[in-house]
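Trainee: Below you will find the structure I want to go over with you.
The values are calculated or read from the model by the stated rules, or taken from the named source; none is laboratory data. These figures come from a predicted structure and were not determined experimentally. Because the Cβ atoms are built from the backbone with ideal geometry, glycine has one as well, and the counts that use them run over all protein chains shown. Only protein heavy atoms, including side chains, enter the accessible area calculation; ligands, DNA and RNA are left aside. Shrake-Rupley method; radii C 1.70, N 1.55, O 1.52, S 1.80 Å.
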Amino acid sequence: MQRFDRYMLSQLLVLFGFFALVLVAVYWVNRAVVLFDRLIADGHSAGIFLEFTVLSLPAVIALVLPISAFAAAVYVTNRLSNDSELVIVRATGYSPWRLARPVLAFGLMITLMGSVLAHVLVPASIEQLRLREQEIAGSVSARLLREGAFLHPADGVTFYIRDITDEGELRDVLLSDRRQDGREVTYSAERAYLLRDEEGPKLVMLAGLAQTLDTRTQRLSTTNFADLVYDISALIEPGKPKRRKLDYIPTLELLTKTDAVAEEANDTPGEVLEEAHMRFQGPLLSLVAALVGFAAMVSGGYSRFGVTRQIVFAVFLLVLIKLVESVVADPVRADARLWPLIYLPSVTGLAMAAGLLWRAARPFRPRRRAPEDAATT
């Protein structure tokens with residue numbers, strides 16, 4: 001690549017990194033707030049929160065790549081135009097097609113990065129995230145240790161804690177067990193502790209009352225106790241293995257074993273093929289977005305009002321491409337044979353970019369009047 005190509009490519013990469021960092025930070029903050037409320041409130045440590053946040057980052061990065069590529073292409077083209085660098089380069093004989101070469105190289109680099117994310121990192125991170133969610137779903141703290149809330153860790157069981165001290169002591173505990181037919185047992189205690197031994201977690205209640213109700217005879221019996229050990233291992237059952245989801249099944253398996261995957265995931269073959277081909281189509285949008293942004297900026301002529309019109313036009317074209325993407329989704333899900341429609345947004349975007357570059361290479365010039373017409377006038 002020549003010196004100008006390397007210069008423009010370096011500018012594109014720097015601005016792409018900046019926009020990607022900003023957008024990832026915005027998405028990360030929005031998701032982190034939800035994760036923080038859900039995990040920390042359930043009694044999990046900050047380490048679990050950070051682990052979940054890191055595992056969700058690949059999907060966020062893959063989501064912002066096309067937008068970042070588009071923003072970088074528009075910004076760099078606008079800056080080169082304002083600094084008259086594009087004017088000078090075009091005066092040396094560079095056509096819009098030739099100027100698009102570094103943008104094409106930039107788009108291919110981002111597409112390759114997005115492909116690695118879509119086919120490798122995102123499925124692996126989502127799978128690990130699902131496994132960790134399944135593991136912590138069966139933890140004692142996630143199921144039981146919530147202040148001021150009536151919890152139902154199992155069918156027929158209600159658990160309540162008024163307060164949890166910094167030392168881990170549970171204050172004013174209520175446990176209602178209605179799992180046995182014809183018999184309801186309600187335990188209440190002033191204090192309690194959650195302990196673990198080789199057989200599983202145990203709830204040790206101190207200074208409490210056990211009330212047993214025979215629902216057949218409506219007879220109630222009460223027993224005061226100084227201490228009582230209640231086995232809660234049955235309430236903290238490990239989560240059952242869930243069927244795999246399409247978003248973390250390998251791409252090759254989605255393409256070669258479509259029917260089997262559809263049956264396993266309880267989805268249609270069209271949804272399976274849509275997921276597989278969207279892993280190719282998504283990264284391609286980075287290339288399309290960069291070319292459309294650049295072509296829209298160079299297709300407009302000089303205006304003393306700036307390039308606002310070209311920027312708005314470029315954003316409109318990007319919205320139109322996303323609209324095409326949403327339109328083709330339903331037909332593909334309904335009929336798996338229509339999977340080539342998944343690539344229609346990229347084809348549409350490339351056609352738009354080619355048309356804009358063709359127009360930029362042949363700018364409109366008003367026809368000059370013939371000399372005899374001018375003399376007659």
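Trainee: Tell me which of these GLU274 doesn't satisfy, since it passes every other one: (1) modelled with pLDDT of 85 or more; (2) over 25 Å from ASP181 (Cβ atoms); (3) loosely packed, with under 12 Cβ neighbours inside 10 Å.
Mentor: (3)
Trainee: Oh, and also: Do you know which of the residues in the stretch 145-159 that are in a strand (DSSP E or B) and among the hydrophobic types (A, V, I, L, M, F, W, C) is modelled with the lowest pLDDT? Don't jump to the end; show me each part of the working.
Mentor: Going residue by residue through the stretch 145-159, those that are in a strand (DSSP E or B) are 147, 151-154, 157-159.
Add one more test, that the residue is among the hydrophobic types (A, V, I, L, M, F, W, C), and what stays is 151, 154, 157, 159.
Values: LEU151: 80, ALA154: 74, VAL157: 84, PHE159: 85.
Checking each candidate, the answer is ALA154.
Trainee: Here is a further query. For LEU252, all conditions in the list (1) in contact with a helix residue (DSSP H, G or I) (Cβ under 8 Å, 6 or more places away or on another chain); (2) in a helix (DSSP H, G or I); (3) surrounded by fewer than 15 Cβ atoms within 10 Å (Cβ to Cβ) hold save one; what is the number of the exception?
Mentor: (1)
Trainee: Pairs only if they're at least six apart or on different chains, beta carbon under 9 angstrom, first in the stretch 332-343 and over 18 Å from LYS322 (Cα atoms), second among the hydroxyl-bearing types (Ser, Thr, Tyr) and assigned to a helix (DSSP H, G or I); list them, first residue then second.
Mentor: ALA336/THR258
Trainee: Working carefully through the options ARG179, ARG162, find the one that is of a type in the set (D, E, K, R), assigned to a strand (DSSP E or B) and open to solvent by 80 Å² or more (accessible area, probe 1.4 Å).
Mentor: Values: ARG179 fails: assigned to a strand (DSSP E or B).
Only one candidate passes the filter, namely ARG162.
Trainee: Moving on to the next point. Would it be correct to say that VAL87 is under 16 Å from LEU287 (Cβ atoms), part of a helix (DSSP H, G or I) and free of Cβ contacts under 8 Å to residues at least 24 places away in the same chain? First the steps, then the outcome.
Mentor: Values: under 16 Å from LEU287 (Cβ atoms): no; part of a helix (DSSP H, G or I): yes; free of Cβ contacts under 8 Å to residues at least 24 places away in the same chain: yes.
Against the criterion (under 16 Å from LEU287 (Cβ atoms), part of a helix (DSSP H, G or I) and free of Cβ contacts under 8 Å to residues at least 24 places away in the same chain), VAL87 does not qualify.
Trainee: Does ASP227 meet the test of being in a strand (DSSP E or B), among the acidic types (Asp, Glu) and open to solvent by 60 Å² or more (accessible area, probe 1.4 Å)?
Mentor: Numbers: in a strand (DSSP E or B): yes; among the acidic types (Asp, Glu): yes; open to solvent by 60 Å² or more (accessible area, probe 1.4 Å): yes.
Criteria met by ASP227.
Trainee: Quick one: count up the residues across the stretch 326-362 that are assigned to a helix (DSSP H, G or I) and open to solvent by 30 Å² or more (accessible area, probe 1.4 Å). Steps first, answer last, please.
Mentor: Of all residues in the stretch 326-362, those assigned to a helix (DSSP H, G or I) come to 326-334, 336-361.
Now restrict to residues that are open to solvent by 30 Å² or more (accessible area, probe 1.4 Å): 326-327, 330-331, 333-334, 337-341, 343-344, 347-348, 350-352, 354-355, 358-359, 361.
Within the stretch 326-362, residues that are assigned to a helix (DSSP H, G or I) and open to solvent by 30 Å² or more (accessible area, probe 1.4 Å) number 23.
Trainee: I've got another one for you. Among the candidates VAL298, VAL312, VAL288, single out the residue that is closer than 29 Å to THR77 by Cα, at pLDDT 90 or above and part of a helix (DSSP H, G or I).
Mentor: On the way: VAL298 fails: at pLDDT 90 or above; VAL312 fails: at pLDDT 90 or above.
Going through VAL298, VAL312, VAL288 in turn, the sole match is VAL288.
Trainee: Report, by residue number, each residue of the stretch 203-231 that is closer than 20 Å to ARG171 by Cβ and among the charged types (D, E, K, R). First the steps, then the outcome.
Mentor: Step one: of the stretch 203-231, the residues closer than 20 Å to ARG171 by Cβ are 203-211, 224-230.
The answer is ASP227, and nothing else.
Trainee: Further question: Return the total of residues in the stretch 85-115 being open to solvent by 70 Å² or more (accessible area, probe 1.4 Å) and modelled with pLDDT of 90 or more.
Mentor: Residues of the stretch 85-115 open to solvent by 70 Å² or more (accessible area, probe 1.4 Å): 87-88, 90-92, 97, 101, 104, 108-109, 112-113.
Keeping just the survivors that are modelled with pLDDT of 90 or more gives 101, 104, 108-109, 112-113.
Residues meeting the conditions: 6.
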